[in-house]
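What follows is one structure encoded as structure tokens, with my remarks underneath.
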Amino acid sequence: MTDDKYAPLEHYLRSLPMAQEDVKLSFEHIQQIINDQLPPSALGDPAWWGNQKQGTQVEAIAWMDAGWLVEIVNLTEQWVRFVRQ
């Protein structure tokens with residue numbers, strides 16, 4: 001089950017057209033979607049963006065349950081590209 005904080009991100013990704021194979025989102029846009037700040041670890045640790053459903057990274061459940069994986073994260077420019085599973 002998705003952490004409530006990241007549920008809006010899951011809903012956003014689910015709402016994208018099925019024909020869309022990838023999406024690049026700035027960290028700022030993700031913060032607007034979730035209506036909250038990303039934690040400091042999201043801004044400085046690429047492991048935060050790992051594609052795993054087990055463990056303590058509840059944020060990954062949001063994009064993975066929506067059918068997406070993180071392909072690339074750019075911490076310098078603060079964006080992430082998701083691709084459909």
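Numbers at a glance
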| quantity | calculated |
| --- | --- |
| Within region 29-45, tally of residues that are in contact (Cβ under 8 Å) with a residue 12 or more places away in the chain and surrounded by fewer than 11 Cβ atoms within 10 Å (Cβ to Cβ) | 2 |
| Residue check for Ala62: among the small types (Gly, Ala, Ser), buried (at least 16 other Cβ atoms within 10 Å of the Cβ) and modelled with pLDDT of 95 or more | no |
| Long-range neighbours under 7 Å by Cβ, at least six apart or interchain, first residue over 18 Å from Leu16 (Cβ atoms) within region 71-85, second assigned to a strand (DSSP E or B) | Val73/Val80; Gln78/Ser26 |
| Residue in region 55-62 that is out of contact with any strand residue (DSSP E or B) (no Cβ under 8 Å at 6 or more places or on another chain), touching a residue at least 24 places away in the same chain (Cβ under 8 Å) and over 21 Å from Asp4 (Cα atoms) present | no |
| Residue match in region 10-20 (condition: polar (S, T, N, Q) and exposed (fewer than 14 other Cβ atoms within 10 Å of the Cβ)) | yes |
| Trp48 vs. criteria in contact with a Pro (Cβ under 8 Å, 6 or more places away or on another chain), outside any loop (DSSP other than H, G, I, E, B) and crowded, with 17+ Cβ neighbours inside 10 Å | yes |
| Residue ID - modelled with the lowest pLDDT, chosen from residues in region 38-59 that are of a type in the set (S, T, N, Q) and under 12 Å from the mean Cα position of the chain (by Cα) | Gln57 |
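The values are calculated or read from the model by the stated rules, or taken from the named source; none is laboratory data. Just so it is clear, the model here is predicted, and its values are computed rather than measured. Ideal geometry is used to build each Cβ from the backbone, glycine not excepted, and the neighbour counts take in all protein chains shown.
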